[in-house]
């Protein structure tokens with residue numbers, strides 16, 4: 001499992017940086033579970049993860065952060 | 001009771017259905033937001049059920065604040081439909097569940113019959129004695145139907161195995177999926193590349209029949225299991241079915257209107273006619289009758305009710321007609337709370353089940369290892385044709401080891417056991433209480449409301465020579481009609497029971513603390529204490545029979561009420577908290593069952609001693625004048641020798657003792673049905689229910705042990721056989737089809753064994 005968020009929405013899946021789940025970017029975009037941060041796109045599985053991320057993006061992008069799942 | 005710290009009240013627990021959770025982070029976030037809400041004590045968020053269970057202090061916080069907290073976390077609480085978990089909505093839910101289960105059962109049956117039919121056809125084709133069609137061609141012929149069954153009937157196993165695999169676990173579905181896939185995949189290979197198999201020195205035999213028959217038999221087992229499991233919740237269904245469908249609401253100045261149960265609101269006046277079911281809980285305001293509550297309490301005798309009496313929804317009115325004011329409707333009714341309590345108990349886990357869960361967790365991976373080892377052993381050291389033997393043994397081990405009988409052993413018994421108990425008016429709070437109750441060695445009774453009725457009642461009437469008891473009661477009850485005093489109410493209630501006490505009254509006067517005085521039918525009636533008579537210079541009685549009655553009735557917690565008519569002592573009414581008629585039998589049967597029975601009460605020594613003697617509890621096991629905290633201390637003393645102690649109390653004054661006891665048994669009557677503080681509630685309060693509860697617990701535990709024994713024994717015996725343990729000595733190797741059949745039989749037998757509890761005494 002990688003901690004790095006997938007920056008490419010064309011690849012079919014992205015990794016939720018908070019929980020580590022695989023997310024379909026098109027579904028996430030449709031449900032407004034998308035954040036642009038530092039010129040990178042992030043996709044989330046649910047609103048909770050998105051809100052967690054927005055509160056403190058640095059925490060979840062830190063290479064030492066391990067998704068809780 | 002001890003003083004409470006601060007403004008806090010007893011915590012309550014609610015369940016919020018949460019929408020939108022997808023991962024563990026969601027769970028953590030909701031948990032965090034709920035916890036930082038003031039007044040929240042405990043939070044449990046479940047991703048699988050999409051529910052958050054919250055314990056909180058109702059004084060500080062309420063449902064709206066909790067909903068806001070979930071909202072702030074980014075999720076949504078599903079709005080409750082209507083009144084929520086009412087008996088009505090439960091009935092609809094059960095009907096929907098029934099329809100769903102029936103559809104599922106039909107699918108299982110169709111798929112299983114289809115798979116078995118295809119398997120039989122394959123066997124017929126493959127083993128028909130003929131030589132004209134080569135094996136390779138036959139293989140191609142059966143490949144199509146076998147693959148169809150694998151995909152159609154086997155789909156549920158693949159998807160369940162996949163779901164488990166994603167969480168890094170393996171279940172019985174994993175075993176079925178692996179076993180049948182191995183047989184099917186090898187067969188496809190042998191069909192498509194017979195040359196490779198020939199080159200290995202083997203005939204291209206296929207196992208399509210094994211794969212399809214395993215799927216067919218296991219689905220057949222699931223079908224039988226689903227049918228039997230549907231019956232485990234019969235008890236709930238029967239309880240829910242007790243409720244009335246509609247009510248007759250009284251409309252001022254108009255005829256009664258018939259309204260559906262859902263439309264009844266607290267405060268409505270409702271009429272109940274003879275023979276009808278009482279729609280909701282309430283207080284009787286007009287008329288009198290007797291009510292049969294046996295469906296909720298197990299008590300056979302109808303109970304008389306008069307104005308002021310509480311009536312419980314779902315019980316049946318017998319002969320009279322009356323009007324009552326609805327107090328609790330929907331999910332607040334006693335019936336709805338009983339159903340909820342039983343459902344919660346049925347869903348809870350017994351300590352014994354946690355052990356089996358852990359066993360199952362390591363069991364499936366262990367079986368896969370054993371099966372792989374078996375395969376390798378046959379392939380390396382087995383006789384020819386090696387691959388055939390290795391594959392057969394591998395498939396048999398995987399299929400036969402399905403631990404579903406183990407998984408069913410405890411929950412089915414708990415569900416049937418608690419349901420059966422509920423029908424007898426015994427409500428277990430959870431599976432742990434059900435498991436523990438059977439181990440009880442000492443039962444401690446509190447006096448009030450357990451061995452006695454718990455409220456003052458006229459137990460005896462003695463009239464002076466020349467008078468008669470019913471006239472005395474008639475006059476006294478009429479005079480007391482306006483009285484608010486509990487003793488006055490006891491006299492009125494007794495009068496109404498005998499259809500007396502309705503004479504015209506004038507000049508009523510309440511003589512504070514001493515009694516009442518009124519003109520009844522032109523006669524001056526005085527009802528009150530001995531001192532009242534003395535104040536009026538009326539000799540209590542010169543009548544010798546009355547003097548004797550006074551002497552025998554005195555003491556032992558009894559109260560004497562004197563009645564004077566036209567200035568002359570006419571008789572006495574003896575008021576006491578009467579012993580329940582079932583109490584002596586309850587104590588005797590408990591003692592006969594080897595259980596030590598104690599009586600611990602806050603009442604005066606003489607009262608307690610008299611009661612102990614009447615019900616047959618020896619004086620050495622009687623303690624009087626004990627405060628609630630002292631009761632808990634006595635329980636602790638009794639527990640000293642590692643003995644399991646049950647305390648039977650009314651659930652309100654006895655809370656500390658109930659909590660100290662290993663099993664707290666509350667007597668729930670009327671409004672107090674389904675007392676939360678106890679491990680076990682006896683609805684209706686028949687003390688004989690204690691022994692019955694202990695017996696039901698023991699029977700349930702016995703069934704669980706039998707189930708576990710058979711489930712484990714079956715695996716312990718048959719896994720080695722499937723591995724080929726009997727092959728060297730006897731040449732016996734298990735056929736995979738027989739393994740599948742045995743597996744199905746073991747699950748069905750476990751469920752059937754649990755269903756025996758439906759008839760438990």
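Values quoted throughout were computed directly from the atomic coordinates according to the rules given, and no laboratory measurement underlies them. Fair warning: this is a prediction, and the values are worked out from it, not measured in the lab. Backbone-built Cβ (ideal geometry, glycine too); neighbour counts: all protein chains shown.
What is the distance in Å between the Cα centroid of segment B:298-351 and that of segment B:208-277? Segment B:298-351 and segment B:208-277 have Cα centres separated by 16 Å. Highest average first, the peptides B:586-597, B:245-256 ordered by how many other beta carbon atoms sit within 10 Å of their residues are B:586-597, B:245-256. If you take the beta carbon distance between residue B:167 and residue B:377 as r and set R0 to 35 Å, what does 1/(1 + (r/R0)^6) give as a FRET efficiency, to the nearest 0.05? Rounded to the nearest 0.05, the efficiency is 0.65. Taken over segment A:12-61, the convex hull of the Cα atoms encloses 65 Å³ per residue.
With contacts taken as Cα pairs under 8 Å and at least 6 residues apart, chain B reaches a relative contact order of 13 percent.
Per residue of peptide B:24-35, the mean number of Cβ atoms on other chains within 10 Å of the residue Cβ is 5. Between residue B:366 and residue B:627, the C-beta separation translates, for a Förster distance of 56 Å, into a calculated FRET efficiency of about 0.50. For chain B, the longest principal axis of the Cα atoms and the long axis of helix B:736-755 meet at an angle of about 0 degrees. DSSP beta bridges confined to chain B are antiparallel in about 80 percent of cases. If one takes the longest principal axis of the Cα atoms in chain B, at what angle in degrees, from 0 to 90 and to the nearest 10, does the Cα axis of helix B:351-381 lie? Computed tilt is about 10 degrees. In a fully extended conformation the segment linking residue B:193 and residue B:499 would gain 100.7 nm over its present Cα-Cα distance, using 0.36 nm per residue. Bridge orientation summary for the protein assembly as shown: considering DSSP beta bridges with both residues in this region, about 80 percent are antiparallel.
Simple spin-label estimate for residue B:125 and residue B:31 gives 5.4 nm between the two label positions (7 Å along the Cα-to-Cβ direction from each Cα). With both labels modelled 7 Å from their Cα along Cα-to-Cβ, the residue B:640 to residue B:384 distance reads 8.0 nm.
Axis of helix B:469-479 versus longest Cα principal axis of chain B: the two differ by about 90°, to the nearest ten degrees. Cα centroid separation, segment B:562-623 to segment B:91-168: 68 Å.
If R0 is taken as 56 Å, the Cβ-Cβ distance between residue B:357 and residue B:141 corresponds to a FRET efficiency of 0.80.
Packing order of peptides B:268-274, A:34-40, B:751-757, highest average first: B:751-757, B:268-274, A:34-40 (average count of other Cβ atoms within 10 Å over each peptide's residues). Roughly how many Å is it from the Cα centre of segment A:19-67 to that of segment B:36-76, as a whole number? What the calculation gives is 25 Å, centre to centre. Decide, for segment B:94-159, between rounded, prolate and oblate: order the square roots of the alpha carbon gyration tensor eigenvalues as a ≥ b ≥ c, take rounded if a/c falls under 1.5, and otherwise choose prolate if a/b is larger than b/c, else oblate. Cα axes put segment B:94-159 in the prolate bin.
The sum of -39500 (n - 2.57) across all DSSP H runs of n ≥ 4, divided by the residue count of the protein assembly as shown, sets its helix-only mean residue ellipticity at 222 nm to -15500 deg cm²/dmol. Averaged over the residues of A:43-55, the number of partner chain Cβ atoms lying within 10 Å of the residue Cβ comes to 5. Label separation (residue B:99 vs residue A:31): 2.8 nm, computed from points 7 Å beyond Cα along the C-beta direction. Take the Cα of residue B:203, step 7 Å along the line toward its Cβ, and report every residue of segment B:106-131 whose backbone nitrogen sits under 14 Å from that point. Residues passing the 14 Å test: B:126-131. When each of the peptides B:353-362, B:18-27 is scored by the mean number of other C-beta atoms lying within 10 Å of its residues, the order from highest to lowest reads B:18-27, B:353-362.
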